[in-house]
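Please treat every number below as a calculation from the coordinates, not as lab data. What you see is a predicted model, and the numbers here were worked out from it, not measured in a lab. Please note: Cβ atoms are built from the backbone with ideal geometry, for glycine as well, and neighbour counts cover all protein chains shown.
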Amino acid sequence: MNLIPSDPGLPFKFMRRQFPFTFYFAMTINKSQGQSLSRVGVYLPKPVFTKGLKLLILDEDNNVFKETINVVYREVF
């Protein structure tokens, strides 16, 4: 988004470019234990778990899913 001041009192013209962004919240694996979250993103560039990772995935009606889709946002990388 380009921002150009409209103040005629300025002796020069300039343009500021601002990029839209979204706030996100991050927590460590230890802090997340026991949490219930509606959406979770996990970035694991290398293996970090020595034991199996187990997730409980529920739909809107609290039915248990045995698998989920893997969504990769390439623009993050």
Fewest-first ordering of VAL71, VAL40 by Cβ atoms within 10 Å yields VAL71, VAL40
Labelled set [x] 45, 31, 26; [y] 37, 32, 21; [z] 64, 33, 24; Cα extents along the principal axes in Å computed from this model equals the value at [z]
For the pair LYS46 and ALA26, the simple spin-label estimate (label points 7 Å beyond Cα toward Cβ) gives in nm 1.7 nm
Counted neighbours (other Cβ, 10 Å), sorted fewest up, put SER38, SER32 in the order SER38, SER32
